[in-house]
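I have placed the structure first, in the form of C-alpha cells, so that the comments after it can refer back to it.
The values are calculated or read from the model by the stated rules, or taken from the named source; none is laboratory data. Fair warning: this is a prediction, and the values are worked out from it, not measured in the lab. Cβ placement follows ideal geometry from the backbone for every residue including glycine, while neighbour counts extend to all protein chains displayed. Note: accessible area is taken over every heavy atom of the protein model, side chains too, but ligands, DNA and RNA are not part of it. Shrake-Rupley method; radii C 1.70, N 1.55, O 1.52, S 1.80 Å.
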Amino acid sequence: ASDYAARELASAGIDRVARVPLGVDLEHFHPWRRARAAQTRAAFGLPPHQPLALYVGRFAREKRLDLLLRAWPAVRRRTGARLVLAGEGPDRARLAALPEAEHAVWIPFVTARGGLADLMAAADLLVAPGPIETFGLAVLEAMACGTPVLAADAGGAGELVRRAGAGATFAPGDATALGDA
C-alpha cells in the first residue's frame with residue numbers, strides 16, 4: 001500500500017511487488033464536517049475551545065503511544081493542547097497506567113465511519129507516532145477531513161504526510177522531536 005511496504009517486502013525476498021495505495025470514502029471523510037466541530041466535541045465530551053490533538057487507531061506497542069504520552073506534558077505546557085486517544089487494543093492497560101496518561105482523554109473505538117470522520121474533523125491535529133505503518137489509513141482519512149497530521153518520518157504514515165505536505169514529520173522514536181514538531 002506504500003513505497004515503505006513495497007521496500008519491506010522486497011527486502012524480505014518477495015519478488016514482483018506492486019504498490020497499490022488505499023483510498024478514502026470522501027463522502028464520509030470530508031472537510032465539510034469541520035463546520036460541526038462544536039457539536040462533535042460536545043458529543044464526545046471534549047473541550048469546546050481547547051486545541052485538540054488526536055490519535056486514532058489500535059493501542060499496540062508498535063504504534064508508539066508511549067512515546068506520544070511521554071512527549072505530551074511538554075506540548076501541553078507550551079500550547080495548552082489536549083491529547084485525545086481514540087481506539088482500543090492489547091496495550092491499553094499498560095498505556096493507561098503510565099503517569100502521563102491521566103491527562104489524556106480516552107475514547108473507545110468509534111465504530112461508525114461518520115462519527116469517526118466527525119471526530120477527525122473536530123481535531124486540530126492528528127498524531128501518528130508509529131514508525132512502521134504499512135500505509136496509515138487514519139492519516140489519509142484525517143487529511144481528507146482537512147485536519148493536518150504530525151507523523152513519524154518513517155513508514156507509510158510519514159510517506160503520506162511528506163507527499164501531501166499536509167502536516168509535519170518528526171524523527172522516529174524521539175519524544176523531544178515529536179514535542180518540538
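For region 61-102, the square roots a ≥ b ≥ c of the C-alpha gyration tensor eigenvalues yield an a/c of 1.5 or more together with a/b exceeding b/c, which makes the shape prolate.
Hey, what number do you get for the chain at 222 nm if only DSSP H runs of n ≥ 4 count, each worth -39500 (n - 2.57), divided across all residues, to the nearest 500?
Values: 8 runs with 70 residues, N = 181.
It comes out at -11000 deg cm²/dmol, rounded to the nearest 500.
Largest to smallest in accessible area, the residues S11, S2 fall in the order S11, S2 (1.4 Å probe, all protein chains included).
Looking at the square roots a ≥ b ≥ c of the eigenvalues of the Cα gyration tensor of region 1-101, which shape do they give, rounded for a/c under 1.5, prolate if a/b is larger than b/c, or oblate? It comes out oblate by the Cα gyration axes. Annotation for region 75-136: chymotrypsin sites (Phe, Trp or Tyr not before Pro) lying in DSSP loop with at most 14 further Cβ atoms inside 10 Å of their Cβ are F109. What the phi angles of region 105-119 give under the Karplus curve with 6.51, -1.76 and 1.60, with θ = phi - 60°, is a coupling list of 9, 9, 10, x, 3, 8, 7, 7, 4, x, x, 5, 4, 4, 4 Hz, glycine and proline written as x.
What stretch of the chain, leaving out the sites themselves, is the longest with no trypsin sites (Lys or Arg not before Pro) in a DSSP loop having at most 12 other Cβ atoms within 10 Å? Counting only loop sites that pass the neighbour cut-off, the longest clear stretch is 20-181.
Taking E141, E100, E27 in turn, the Gaussian network model of the chain (Cα-Cα springs below 10 Å) assigns the largest fluctuation to E27.
Springs join every pair of Cα atoms under 10 Å in this Gaussian network model of the chain, and among V127, V139, V110 the largest mean-square fluctuation is at V110.
Here is the P(r) of region 58-175: all C-alpha pair distances, binned every 5 Å from 0, give 2, 12, 22, 25, 24, 13, 2, 0 in whole percents.
With every protein chain kept in place and ligands, DNA and RNA left out, what is the accessible area per residue of region 59-174? Probe 1.4 Å, answer in Å². Show your work: numbers first, answer last.
Values: 4600 Å² over 116 residues.
In whole numbers, region 59-174 has 40 Å² accessible per residue.
Scan around T169 for amide H atoms under 5 Å from its own, H built in the peptide plane at 1.01 Å from N, and keep only partners 5 or more places away or cross-chain. Amide H neighbours of T169: A151. Computed in the context of the full set of protein chains, the accessible area of the chain at 1.4 Å probe radius has 56% of its extent on carbon or sulfur.
Springs between alpha-carbon pairs under 10 angstrom, Gaussian network model over the chain: which of T169, T111, T134 fluctuates most? Largest GNM mean-square fluctuation: T111. The Rg/Rh ratio of region 9-66, with Rg taken over Cα atoms and Rh as the Kirkwood radius over Cα pairs, comes to 1.16.
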